[in-house]
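The values are calculated or read from the model by the stated rules, or taken from the named source; none is laboratory data. As the structure is a prediction and not an experimental result, all values here were calculated from the model. Every residue, glycine as well, gets a Cβ built from its backbone with ideal geometry; the counts of neighbours run over all protein chains shown.
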């Protein structure tokens, strides 16, 4: 069984379509790590496209924000604008779907799926080894997949429990790598709003029989998403950042 691992689509339909086209034939089912909506101009379309696929999905902070489950006063002004705008756009079917999303899943008894972190599934950002380290104690499976930061990374648990875990930036489109014996926290990056200085949509492929994982990137028509955002009077910073991956 092969899984398409995606996260943080953020209502960017052009990026999501590019990922699905690039990954065609490489997966059997989709694992989505949350934040289907927020920031982008196509919330209904992105959720409806996901619903055409055999998939599992968990909730992210933006999914909760548009439902009123999070206080958006904690968001920066641009994110707050996007959340309020999205609330007005959601159709009933999409809203109901987002309402039912779980905050964490364990699949195949091997993979933990969360949006933020095992410790705080909706909100915590695992950006650095110092944050990843205590989170290894918060899940029991060999591997944990997270999103939220919009930056692909692999954290490997140290062999010595007293030592700090190791962080590595993955290579992209370089073929699958073997999942070893050491426990991992892996972020596939963001489909719809990368923030690692690379504007290409990011995703991953997990093969549970071969025990392999591959980080992948694909360019998409950024300007198509930007023009939609301009038409809806989105803040300039929100659409400009897409071209730079930050």
Test each condition in (1) in contact with a helix residue (DSSP H, G or I) (Cβ under 9 Å, 6 or more places away or on another chain); (2) without any contact (Cβ under 8 Å) to a residue 12 or more places away in the chain for residue 190 and report the one that comes out false.
(2)
Which of the following residues is touching a strand residue (DSSP E or B) at 6+ places or on another chain (Cβ under 9 Å) and surrounded by 22 or more Cβ atoms within 10 Å (Cβ to Cβ): 189, 180?
189
The condition of being assigned to a strand (DSSP E or B), in contact (Cβ under 8 Å) with a residue 24 or more places away in the chain and either surrounded by 14 or more Cβ atoms within 10 Å (Cβ to Cβ) or under 18 Å from the mean Cα position of the chain (by Cα) (or both) holds, among 199, 204, only for 204
Result of the Cβ filter at 6 Å on the stretch 117-138, keeping first residues that are modelled with pLDDT under 95 and partners that are surrounded by 15 or more Cβ atoms within 10 Å (Cβ to Cβ) and part of a loop (DSSP other than H, G, I, E, B), at least 6 apart or interchain, is 123/116
Could you tell me whether any residue of the stretch 74-88 is loosely packed, with under 13 Cβ neighbours inside 10 Å, in contact with a helix residue (DSSP H, G or I) (Cβ under 8 Å, 6 or more places away or on another chain) and modelled with pLDDT of 95 or more?
no
Those residues of the stretch 23-44 which are more than 27 Å from residue 124 (Cα to Cα) and surrounded by 18 or more Cβ atoms within 10 Å (Cβ to Cβ) amount to 23, 27
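Condition check ((1) under 29 Å from residue 168 (Cα atoms); (2) touching a strand residue (DSSP E or B) at 6+ places or on another chain (Cβ under 7 Å); (3) modelled with pLDDT of 95 or more) across all residues:
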{"position": "199", "(1), (2), (3)": "yes, no, yes"}
{"position": "202", "(1), (2), (3)": "yes, yes, yes"}
{"position": "224", "(1), (2), (3)": "no, no, yes"}
{"position": "233", "(1), (2), (3)": "no, no, yes"}
Of (1) surrounded by fewer than 22 Cβ atoms within 10 Å (Cβ to Cβ); (2) in contact (Cβ under 8 Å) with a residue 12 or more places away in the chain; (3) in contact with a helix residue (DSSP H, G or I) (Cβ under 7 Å, 6 or more places away or on another chain), residue 230 fails just (2)
